[in-house]
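Accompanying notes for the structure given below.
Just so you know, all these numbers are worked out from the coordinates, no wet-lab data involved. Quick caveat: nothing in here was measured; it's all calculated off a predicted structure. As a convention, Cβ positions derive from the backbone with ideal geometry for all residues, glycine included, and neighbour counts pool all protein chains shown.
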């Protein structure tokens with residue numbers, strides 16, 4: 001082999017290795033960026049669901065402690081955050097379609113609870129359900145159960161966003177024999 005062939009072979013090999021390294025680095029960085037984005041969006045969704053559940057449940061429970069005219073305002077305030085619900089829906093639709101079923105059940109239970117509160121009223125204004133109504137408490141339990149199911153489902157998909165786990169194996173240590 002002559003020197004020119006060796007130089008061309010080395011340069012070709014180096015160039016090919018460089019291109020491969022750049023490609024693999026780009027791919028790894030892209031996957032990492034997507035993984036980080038999904039993790040961030042999952043955290044946003046989880047927090048939004050929990051926050052809305054707390055606000056809504058507090059409003060329903062407040063309904064049992066306040067005069068009817070104030071109860072209306074409390075319930076209206078719980079629905080105030082339609083933007084939070086829209087944010088949850090957007091995150092589910094764009095990033096987590098696998099949880100759409102659980103999310104839809106959660107939304108249905110929310111709407112069912114509101115329906116129980118307004119069902120006795122022919123014009124849909126005001127609240128006519130007796131305080132501590134069995135129907136209301138059952139609807140609230142169903143909503144809470146749906147929230148738990150949704151949160152559990154979100155928790156189940158979290159590990160998949162962490163990617164393959166790296167197992168770092170500590171080097172074996174040499175043990176000295178002690179003599180007596």
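FRET efficiency for the pair residue 37 and residue 152, taken as 1/(1 + (r/R0)^6) with r the Cβ-Cβ distance and R0 = 22 Å, rounds to 0.45. For residue 58 and residue 19, a Förster radius of 41 Å and the Cβ-Cβ distance give a FRET efficiency of 0.10, rounded to the nearest 0.05. Applying 1/(1 + (r/R0)^6) with r as the Cβ-Cβ distance of residue 83 and residue 50 and R0 = 25 angstrom yields a FRET efficiency of 0.95.
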